[in-house]
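Report on the following structure.
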Amino acid sequence: QVQLVESGGGLVQPGGSLRLSCAASGIVFFAYTMGWYRQAPGKQRELVASITSGSRTNYGDSVKGRFVISRDNAKNMVVLQMNSLKPEDTAVYYCNARLGRGDWWGQGTQVTVSS
């Protein structure tokens, strides 16, 4: 059974930082492309950042230079470090694991950026 469990969301002031973690089980983690997506109310889900099995990274334009994605294959974990947060970063953040036909999602964690 595949499980992706996110943690680390919460309320933060503009300019602050948060660190999201996603713990994966039930997959051959090192082989998967891992990603973070987000969905704000009334908007489509969008890519935040992804990291391939070879640790190649890709970022959404709105987060480049502020967010960093990393993976720890020994711990089956992917981390999203979010800095210089803005109110427009407010959304539910989802962890994703993708390999071939395999496409798995976590339950999501809320991030709210507000003063």
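May I ask you to verify whether GLY106 is more than 26 Å from LEU11 (Cα to Cα), touching a residue at least 40 places away in the same chain (Cβ under 8 Å) and open to solvent by less than 50 Å² (accessible area, probe 1.4 Å)? Steps first, please.
Values: more than 26 Å from LEU11 (Cα to Cα): no; touching a residue at least 40 places away in the same chain (Cβ under 8 Å): yes; open to solvent by less than 50 Å² (accessible area, probe 1.4 Å): yes.
So GLY106 does not fit the description; no.
Taking region 57-92 only, how many residues are part of a loop (DSSP other than H, G, I, E, B), more than 15 Å from the chain's Cα centre (by Cα), of a type in the set (D, E, K, R) and closer than 17 Å to VAL113 by Cβ? Even if it seems obvious, please write down each step before you answer.
So in region 57-92, the residues part of a loop (DSSP other than H, G, I, E, B) come out as 60, 64-66, 73-76, 83-86, 90.
With more than 15 Å from the chain's Cα centre (by Cα) added as a condition, the list becomes 65, 73-75, 84, 86.
Imposing the further condition that a residue be of a type in the set (D, E, K, R) reduces the set to 75, 86.
After this cut, where a residue has to be closer than 17 Å to VAL113 by Cβ as well, the list is 86.
Residues that pass the stated criteria total 1.
Under the condition of being among the charged types (D, E, K, R) and over 12 Å from SER55 (Cβ atoms), which residue from region 68-90 is surrounded by the fewest Cβ atoms within 10 Å (Cβ to Cβ)? Let's see the steps before the verdict.
Of region 68-90, the ones among the charged types (D, E, K, R) are 71-72, 75, 86, 88-89.
With the extra rule that they be over 12 Å from SER55 (Cβ atoms), the set shrinks to 75, 86, 88-89.
Numbers: LYS75: 12, LYS86: 13, GLU88: 10, ASP89: 22.
Out of the qualifying residues, it is GLU88.
Could you check how many residues of region 8-56 are under 21 Å from LYS75 (Cα atoms), open to solvent by 60 Å² or more (accessible area, probe 1.4 Å) and either assigned to a strand (DSSP E or B) or in contact with an Asp or Glu (Cβ under 7 Å, 6 or more places away or on another chain) (or both)?
Residues flagged as under 21 Å from LYS75 (Cα atoms), open to solvent by 60 Å² or more (accessible area, probe 1.4 Å) and either assigned to a strand (DSSP E or B) or in contact with an Asp or Glu (Cβ under 7 Å, 6 or more places away or on another chain) (or both) within region 8-56 amount to 1.
Between a residue in region 24-39 that is in contact (Cβ under 8 Å) with a residue 40 or more places away in the chain and any residue that is in a strand (DSSP E or B) and among the basic types (Lys, Arg), which pairs come within a Cβ distance under 6 Å, given they are 6 or more apart or on different chains?
These pairs meet every condition: THR33/ARG98; MET34/ARG71.
The values are calculated or read from the model by the stated rules, or taken from the named source; none is laboratory data. Since we're looking at a predicted model, the values are computed, not measured. So basically every Cβ, Gly included, is an ideal-geometry build from the backbone, and we count neighbours across all protein chains shown. Ligands, DNA and RNA are excluded from the accessible area calculation, which covers all protein heavy atoms including side chains. Shrake-Rupley method; radii C 1.70, N 1.55, O 1.52, S 1.80 Å.
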